[in-house]
């Protein structure tokens, strides 16, 4: 076995056994020598290709790289922990979609877009799920809180950045049984955002990239 093959095996084992995405910097810590980033990226590409015809995909998300089960196996894996899936309502997922596309937004912004009053429990659920956070206050009377998505949101929805969100008129929310850190992509083509009058953020809001804004 060559040294490169050994490095590749170590990377593969680390990714398969980690319950969190691993960044390039994380993966560099596996090696005592100064393995450069370009070599690690090259080997990650090879690992990704090796698994194309297998049961898992190596994907890159906001926090790094991880293996995730292919969609064909979602139904079977969910049987291992059927009680763990949070049962969020469609309204909760609509609010999440609005925040994702129009962030940063206030509660009043969300209510204006949806046309109905917002239940405080909705935001609480999303904060507890670590999909949104308060990033500041809007400089208007009352200084209402500004809400935005987190890096955890990007990881759970298998996104590297907010720029990978689909176009708004086809935005997909999640089937929540797939969104409980099982490394299964939770985006599925079943639930459309109810209010299609919301504009795509690129046309209306200057959105910071996840690397430019603190997302915990």
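What fraction, in whole percent, of alpha-carbon pairs in region 59-140 exceed 14 Å separation? Result for the distance tail: 72 percent. Between residue 24 and residue 53, the FRET efficiency from the beta-carbon distance, with R0 = 25 Å, is close to 0.45. If you wrap region 3-69's Cα atoms in a convex hull and average its projection over all directions, what's the area in nm²? Hull-based average projected area comes out at 4.2 nm².
Any read-out appearing in this document is the output of simple, stated calculations on the displayed coordinates, not a laboratory observation. All values reported here derive from a predicted model rather than from experimental measurement. As a convention, Cβ positions derive from the backbone with ideal geometry for all residues, glycine included, and neighbour counts pool all protein chains shown.
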